[in-house]
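First up is the structure itself, then whatever we jot down about it.
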Amino acid sequence: MVGLELGMPSVGVAKSKLIGTIDSRSRRLGPYGVRKVAVDGEVRGFEISPAKGSAKAVALFASPGTGVGLWQSARLVVALTEVGQESPRPILAADKASRRARQEISQ
């Protein structure tokens, strides 16, 4: 909704699968394994997992938002997520800014 309201491209990213079935086949995308997530038989997003043996082997789930294609959403999440980080850089930056603002308000 934010991307639509602002007229900007957007991608959905979550730390857990909200709905759908994960394909058993994986495709390599940089240092990550990417598996399709289907809802009612239609691919709607991806599970993006770090390579096995990574210190933080937490999967992310990506789906296209406004103005972003299906595979483009996976490529963007991979490009914006550093290996070992639990979220893409823009989400980490927003989280840090919100914590800083909360501290300033509570002082």
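Only strands (runs of 3 or more DSSP E) whose full extent lies in the stretch 13-78 are considered here, and the ones with at least 1 residues that are surrounded by 13 or more Cβ atoms within 10 Å (Cβ to Cβ), touching a residue at least 12 places away in the same chain (Cβ under 8 Å) and under 12 Å from the mean Cα position of the chain (by Cα) are 32-39, 42-50, 60-64.
Scoring residue 87 on the criteria (1) among the hydroxyl-bearing types (Ser, Thr, Tyr); (2) in contact with a strand residue (DSSP E or B) (Cβ under 9 Å, 6 or more places away or on another chain); (3) assigned to a helix (DSSP H, G or I) leaves a single failure, condition (3). Being modelled with pLDDT under 95 and small (Gly, Ala, Ser) is a property that does not hold for residue 63.
Take residue 99 and tell me if it is surrounded by fewer than 16 Cβ atoms within 10 Å (Cβ to Cβ) and among the charged types (D, E, K, R). Spelling it out, residue 99 is indeed surrounded by fewer than 16 Cβ atoms within 10 Å (Cβ to Cβ) and among the charged types (D, E, K, R).
The values are calculated or read from the model by the stated rules, or taken from the named source; none is laboratory data. None of these values were measured; they are calculated from a predicted model. Methodologically, a virtual Cβ is constructed for each residue, glycine included, from the backbone with ideal geometry; neighbour enumeration extends over all protein chains shown.
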